[in-house]
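Visitor: Structure provided below as structure tokens; questions to follow.
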Amino acid sequence: MNSLGFGVSQSSIDSTTIATQTGTAYALPSPAAQLAWQVVITGTPVSITILLEGSLDNTTWFTLDSTSVVTGALRSINTPVAFVRARVSAISAGTTSRISVTFLARGYAVSNYSSGLMRQATLSLTNAQIKAIHTTQINIIPNPGPGRIIVPTAAWFLLDTVAAVYAVAGSAALQLITTTGGWAWFNLTGFDAYLEQAALSTYIMPLNQSVSDSFVNFYADIAEQGIDVWLTGANPTLGNAANYLRVSVTYYIINTTTGEIA
């Protein structure tokens, strides 16, 4: 069985046979992925319909998306299915000499890993999530529960804007903040400049905050809260479906009564 890896493009159809046909099926990587699929047509058909199909068992297939654009297309969907394939369901050939359909999988689900007392959470944001990140902050570490506080130690960011840059109105900082208290554990200023350049950019940040406050304010700001990814300023515009932002955070969970690591 062929498998897709995150960030590695694979061809489902690459054919000079101009007729209805079913492409190579691929198993999607785990966790569930965002799938970008690109249709490139050499020549111009009179008409064409290409389906993106998904399956849970690699036997029974259903239509997830489709395109009938005779000049080709680039589309993306969020899908938790196990298998995908492309299928040319209808075509009137015209001057068509080649049909190519390529897949690219991106991760978007949150994963959590713990080794001993240190924990790690990783989140991959899609283009759509990046473009809404000012108005819709995205949770990366869930609420640890009563009498617990999350204490981050370091954060890592990877931003891919190679396909197309964003436009940002004014300055913006990428922050890791408590879900409701708004306490910024990490504050990456000047992030608008990175969004507006076509590059693969990475950043590593140690913890840059200390907490010294009254017990009441301490609880209100950071205790018993998850941690979210948020952008100050305004939502970015433009971008491309292939863009993504990956965030990884290492952290401890502390018992707020005993001070011990939970």
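Visitor: Can you tell me which of Val84, Val88 is buried (at least 16 other Cβ atoms within 10 Å of the Cβ), in contact (Cβ under 8 Å) with a residue 40 or more places away in the chain and under 18 Å from Gly5 (Cβ atoms)? Break it down stepwise before answering.
Guide: On the way: Val88 fails: under 18 Å from Gly5 (Cβ atoms).
Unique residue meeting the criteria: Val84.
Visitor: Output the residues belonging to the stretch 153-191 that are in contact with a Ser or Thr (Cβ under 6 Å, 6 or more places away or on another chain), assigned to a strand (DSSP E or B) and either surrounded by 18 or more Cβ atoms within 10 Å (Cβ to Cβ) or among the charged types (D, E, K, R) (or both).
Guide: Here is the first cut: in the stretch 153-191, the residues in contact with a Ser or Thr (Cβ under 6 Å, 6 or more places away or on another chain) are 153-154, 156, 158-159, 167, 172-173.
Then keep just the ones that are assigned to a strand (DSSP E or B); that gives 153-154, 156, 158-159, 167.
Scanning the stretch 153-191 gives a single hit, Leu159.
Visitor: To continue, here is another question. Just the residues that are among the aliphatic types (A, V, I, L, M), out of contact with any Leu (no Cβ under 9 Å at 6 or more places or on another chain) and modelled with pLDDT of 90 or more, please, taken from the stretch 93-120.
Guide: Residues of the stretch 93-120 among the aliphatic types (A, V, I, L, M): 93, 99, 101, 104-105, 109-110, 117-118.
Subset that is out of contact with any Leu (no Cβ under 9 Å at 6 or more places or on another chain): 93, 99, 117-118.
Matches in the stretch 93-120: Ala93, Ile99.
Visitor: Now for a separate question. Confirm whether Thr122 is in contact (Cβ under 8 Å) with a residue 40 or more places away in the chain, in a strand (DSSP E or B), of a type in the set (Ser, Thr, Tyr) and more than 28 Å from Thr79 (Cβ to Cβ). Working first, answer last.
Guide: Values: in contact (Cβ under 8 Å) with a residue 40 or more places away in the chain: yes; in a strand (DSSP E or B): yes; of a type in the set (Ser, Thr, Tyr): yes; more than 28 Å from Thr79 (Cβ to Cβ): no.
No, not satisfied.
Visitor: Report whether or not Ile150 is of a type in the set (Val, Ile, Thr) and assigned to a strand (DSSP E or B).
Guide: Numbers: of a type in the set (Val, Ile, Thr): yes; assigned to a strand (DSSP E or B): yes.
Spelling it out, Ile150 is indeed of a type in the set (Val, Ile, Thr) and assigned to a strand (DSSP E or B).
Visitor: Among the candidates Ile150, Ile177, single out the residue that is in contact with a Phe, Trp or Tyr (Cβ under 8 Å, 6 or more places away or on another chain), without any contact (Cβ under 8 Å) to a residue 60 or more places away in the chain and farther than 24 Å from Asn240 by Cβ. Quick ask: steps written out before the conclusion?
Guide: Numbers: Ile150 fails: without any contact (Cβ under 8 Å) to a residue 60 or more places away in the chain.
Just a single option satisfies the conditions, and that option is Ile177.
Visitor: In addition: Could you please give the count of residues in the stretch 13-72 that are among the acidic types (Asp, Glu), assigned to a strand (DSSP E or B) and surrounded by fewer than 15 Cβ atoms within 10 Å (Cβ to Cβ)? Write out each step before concluding.
Guide: Residues of the stretch 13-72 that are among the acidic types (Asp, Glu), as a first pass: 14, 53, 57, 65.
Right, trim to assigned to a strand (DSSP E or B) and you get 14, 53, 65.
Subsequent filtering for residues that are surrounded by fewer than 15 Cβ atoms within 10 Å (Cβ to Cβ) retains 14.
So the answer is 1.
Visitor: What is the residue count in the stretch 167-177 for residues that are of a type in the set (Val, Ile, Thr) and either touching a strand residue (DSSP E or B) at 6+ places or on another chain (Cβ under 6 Å) or not assigned by TED's automatic domain parsing to the domain that holds Leu231 (or both)? First the steps, then the outcome.
Guide: Filtering the stretch 167-177 for residues of a type in the set (Val, Ile, Thr) gives 168, 177.
From what's left, either touching a strand residue (DSSP E or B) at 6+ places or on another chain (Cβ under 6 Å) or not assigned by TED's automatic domain parsing to the domain that holds Leu231 (or both): 177.
Residues that pass the stated criteria total 1.
Visitor: Continuing with the same structure: Take the stretch 78-90 and flag every residue that is part of a strand (DSSP E or B) and under 16 Å from Ala25 (Cβ atoms).
Guide: Passing the criteria: Thr79, Phe83, Val84, Arg85, Ala86, Arg87, Val88, Ser89.
The values are calculated or read from the model by the stated rules, or taken from the named source; none is laboratory data. Note that the coordinates shown come from a computational prediction; the quantities given were computed from them, not determined experimentally. Positions of Cβ are backbone-derived with ideal geometry, glycine not excepted, and every protein chain shown enters the neighbour counts.
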